[in-house]
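Worksheet: the structure to be examined is printed underneath.
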Amino acid sequence: FNVDAYPNDSFTGTVEQVRLASQEIQNVVTYTVVVSAQNLGGKLLPGMTANVEITTDKRKDVLRIAELASRFRPPEGGPKVVNAEEKQTRGNAAHGGGRGAFGGQMLAGLNLPPERSKEIENLIAAEIKTVREGAGNMAQFRRAQMREIITARIDRVLKKKLTEEEYKTFQKAQKSRATVRRILLHKENPDGTLSTQSVRVGLSDGSNIEILGGAVEGDVFITRLLKVGGANK
């Protein structure tokens with residue numbers, strides 16, 4: 001990070017805390033992040049404005065694609081999309097969405113005995129039910145707080161019921177799973193029509209996305225359409 005008083009100096013720090021008590025300022029929800037940094041030169045003073053770039057994870061030697069490709073959608077009246085992969089993918093996602101976040105998928109990889117896994121799932125389900133019943137008809141703007149409470153309750157159960165090693169394994173798996181998702185990219189066919197391709201992606205820096213599966217080096221995907229001579233190209 002750097003501060004306005006010393007624009008040519010760079011400082012480094014470590015995120016020590018993310019306070020989950022959100023604040024809404026001009027319709028924007030914000031969270032306070034506490035960063036510790038060495039101040040050997042005494043340049044950092046209270047009240048200074050800091051411009052911070054936080055790195056949450058890194059990948060090296062990865063296959064990547066421009067973020068624009070993930071946001072591309074064919075315009076109305078544009079080239080025809082000839083396959084139904086998008087519809088199928090959405091259908092599968094909707095079908096799988098009914099599974100609670102506290103299901104067996106959360107504990108996958110820990111190799112727990114069935115009875116232990118079931119006990120933990122039941123405890124988490126009970127905690128979630130208690131929070132939801134206590135919330136009643138919670139207003140839309142308070143749902144974020146409810147999710148924070150549920151996450152804290154789940155974490156408390158896991159810390160109590162898992163060994164230290166199991167809990168570390170769980171945290172590592174959750175961190176990895178949180179960055180993985182599926183997106184639909186569009187490719188141009190020889191006849192000018194478009195087709196979609198489901199791709200599994202990971203980290204994004206806002207400009208490029210890491211590709212984990214579903215595409216190989218050399219694949220070409222559409223980022224935008226240009227209008228040439230009255231026709232989309």
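Miscellaneous remarks
- In the range 180-226, counting only strands (runs of 3 or more DSSP E) that sit wholly within it, the ones holding 3 or more residues that are closer than 20 Å to Val82 by Cβ and over 13 Å from the mean Cα position of the chain (by Cα) span 181-188, 194-204.
- Pair list, Cβ under 6 Å, 6 or more apart: the range 1-27 residue closer than 24 Å to Thr56 by Cα, other residue of a type in the set (Gly, Ala, Ser) and surrounded by fewer than 12 Cβ atoms within 10 Å (Cβ to Cβ): Asn2/Ser10; Gly13/Ser36; Thr14/Ser36; Glu16/Ser36
- None of Ile150, Ile120 is among the aliphatic types (A, V, I, L, M), closer than 21 Å to Ser22 by Cβ and at pLDDT 75 or above except Ile150.
- Summed over the range 39-69, the residues that are without any contact (Cβ under 8 Å) to a residue 12 or more places away in the chain and either polar (S, T, N, Q) or assigned to a strand (DSSP E or B) (or both) give a count of 3.
- Matching residues in the range 44-64 - criterion: being β-branched (Val, Ile, Thr) and more than 17 Å from the chain's Cα centre (by Cα): Thr49, Val52, Val62
- Residue, surrounded by the most Cβ atoms within 10 Å (Cβ to Cβ), within the range 52-69, restricted to residues that are of a type outside the set (Val, Ile, Thr) and at pLDDT 90 or above: Ala69
- Close pairs (6 angstrom Cβ cut-off, 6 or more residues apart or separate chains): farther than 17 Å from Ala173 by Cβ in the range 109-131, surrounded by 13 or more Cβ atoms within 10 Å (Cβ to Cβ) anywhere: Leu123/Val157; Ala125/Phe102; Glu127/Arg153; Ile128/Ile150; Val131/Ile149; Val131/Ile150
- Among the candidates Thr169, Thr196, the residue that is of a type outside the set (Phe, Trp, Tyr) and either in the same structural domain as Asn122 (by TED's automatic domain parsing) or modelled with pLDDT under 90 (or both) is uniquely Thr169.
- Residue-level check: of (1) among the hydrophobic types (A, V, I, L, M, F, W, C); (2) surrounded by 13 or more Cβ atoms within 10 Å (Cβ to Cβ); (3) more than 30 Å from Gly77 (Cβ to Cβ); (4) touching a residue at least 60 places away in the same chain (Cβ under 8 Å), Val216 misses just (2).
- Test: residue in the range 14-25 that is in a loop (DSSP other than H, G, I, E, B) and loosely packed, with under 12 Cβ neighbours inside 10 Å: no
The values are calculated or read from the model by the stated rules, or taken from the named source; none is laboratory data. Just so it is clear, the model here is predicted, and its values are computed rather than measured. Every residue, glycine among them, receives a Cβ derived from its backbone with ideal geometry; neighbour counts consider all protein chains shown.
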